Structures are given as structure tokens and as C-alpha cells.
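Below: one structure, written as C-alpha cells.
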Amino acid sequence: MREKIIELLRSTERPFIESLINHMDEGGFFNAACSSQYHLCKSGGLAEHSLNVYTTMNNMAVSLEVYDTIKFQDELILTSLLHDLGKMGQFGKQLYVENYLASGELSSKKPYTTNKLLLSVPHEIRSIQIASQFIELTEEESFAILYHNGMYGDLKYQLQGKETPLQMLLHFADMWCSRVIEVEVKK
């Protein structure tokens, strides 16, 4: 997964993409969990989810024939792979840390918890902040990342009626992956 994500990011030829990739490596992106207790709450879950979103979003763009209508290849790669970048954490601190119970055992119901050493900043904002330290995101890319949770996010009232094709594709691909592809069957 790591190699595929790096290959895709490099393919954008965005200036300073190597610096971003190095930061992702050093910041723990490829080993981070994607959530505290839901989809892909495991080491490497964030990278797996990001690649799933890329694949799903790419397939949707081809099916909907919007691939050529936008400078879409790079936008699709960057937004799908970086939309949850903030979930790796920031300022040298991971966002999700292992959740140990008072007994000293790792919780089986909620293996990760949000790191209390980080201030409460939505991961969408962290994602844009981190990426923008290294590469220049377009307005469209920033918008798609900021609003990728659609009407489920904190900014839903600012989004309503202002959706864009890139933002809607990212939102649906993210939802499809987290709610369908990455759901474990509970017995």
C-alpha cells in the first residue's frame, strides 16, 4: 500500500511532493489507524482507507465520464489520498493512540482513542494544514477535502447547495468505503 500511495502521489508531479511524502512517512501516516473503533481501526488502516477511496473514486469518475472534464487525474489522486491526512496527527503527536483500560489491557471494543495531547481540531482542517505546508492545493482540492464529510460534517450548513463534482465524488467514495467496503461483519 505504501509503495502504491507514494507512486500515485509522485505521478502528480506537484512541486515539493517528495517533502510531503517524507513528512507522511515520518508522521506515521502509513501506520496510523483510520478510526478509533469503526472502520479500519488498526495499524495501517489509514493508508488502506486512503487507497480504497482512491480506487473507488477513480472507478466512479470513469463510470460517470467526468475523468476528462476537470484536470481530474491529479485532483482525484490528491484529494482521495490526502482527505484524511489529519488523522495521522500533527505537531509530532498521533491523532489516535492505543486505548488501554484501567486493567492495563487494550480495549477490544475501542482499540484506539483520540490523543488528549492534541487540541480538538477537525481532521479535515488538519489535512489541509498539513498538506499545505508542503504542496500547493488548488481551491477545488481544498474545498473537496474540507467538505469531504458532506452533510455529516460540522460544516454541513456552509456546504448545503454549494457542492462541487470533485467534493461529491470524494464524499461518496469515502462513505462507500467506510460504510460498505471496510465494514467487518460482526457475528
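A short reminder: the numbers here are calculations on the coordinates, not readings from a lab. The structure presented is a predicted model; accordingly, all values stated were derived computationally and were not measured. Cβ coordinates were reconstructed from backbone atoms using ideal geometry, including for glycine residues, and neighbour counts include every protein chain displayed.
Net charge near Asn149: determine it from the other residues with C-beta under 11 Å of the C-beta of Asn149, scoring Lys and Arg +1 and Asp and Glu -1.
-3
Given the Cα-Cα distance of Leu106 and Val183 and 0.36 nm per residue of separation, how much length would full extension add, in nm?
25.6 nm
Below 8 Å, C-alpha to C-alpha, sequence gap of six or more: please give me the relative contact order for the chain in percent.
24 percent
Amide H of Tyr112 versus every other amide H placed in the peptide plane: which residues, excluding those fewer than 5 positions away on the same chain, fall under 5 Å?
Asn99
Could you grab the relative contact order for region 26-123? Cα pairs under 8 Å, six or more apart, rounded to a whole percent.
Over region 26-123, the number comes to 29 percent.
Rounded if a/c is under 1.5, else prolate if a/b is larger than b/c, else oblate: which is region 103-187, with a ≥ b ≥ c the root eigenvalues of its Cα gyration tensor?
Here region 103-187 falls in the oblate category.
Which ordering of Glu182, Glu139, Glu163, Glu75 is given by a fewest-first count of other beta-carbon atoms within 10 Å?
Going from sparsest to densest Cβ surroundings: Glu139, Glu163, Glu182, Glu75.
Treating each Cα of region 2-181 as an identical point scatterer and ignoring solvent, apply the Debye formula and state log10 I(q)/I(0) at q = 0.08, 0.11, 0.16, 0.17 Å⁻¹.
Normalising to I(0) and taking log10 leaves -0.24, -0.45, -0.95, -1.07.
Going by how many other Cβ atoms sit within 10 Å of their own, how do Asp84, Asp74, Asp25 line up, fewest first?
Asp25, Asp74, Asp84
Could you tally the net charge around Gly86, taking each other residue with its Cβ under 13 Å from the Cβ of Gly86, Lys/Arg +1 and Asp/Glu -1?
+1
DSSP loop GluC sites (Glu not before Pro) in region 1-73 with at most 16 other Cβ atoms within 10 Å of their Cβ, which ones?
Here the sparse-neighbourhood loop sites are Glu13, Glu65.
Just want the ordering: Phe134, Phe16, Phe29, from fewest to most Cβ atoms lying within 10 Å of their own Cβ.
Ascending Cβ contact count within 10 Å gives the list Phe16, Phe134, Phe29.
Report the residue, chosen from Phe30, Phe91, Phe143, that carries the largest GNM mean-square fluctuation when the chain is represented by alpha-carbon nodes joined by springs under 10 Å.
Of Phe30, Phe91, Phe143, the most mobile in the Gaussian network model is Phe91.
In nm, what is the difference between 0.36 nm times the number of residues separating Glu3 and Gln158 and their Cα-Cα distance?
Roughly 52.1 nm would be gained on extension.
Which entries of Lys71/Lys156; Lys87/Lys116; Lys42/Lys109; Lys4/Lys42 have Cα-Cα distances beyond 21 Å here?
Details: Lys71/Lys156 26 Å; Lys87/Lys116 14 Å; Lys42/Lys109 12 Å; Lys4/Lys42 19 Å.
Beyond 21 Å between Cα atoms: Lys71/Lys156.
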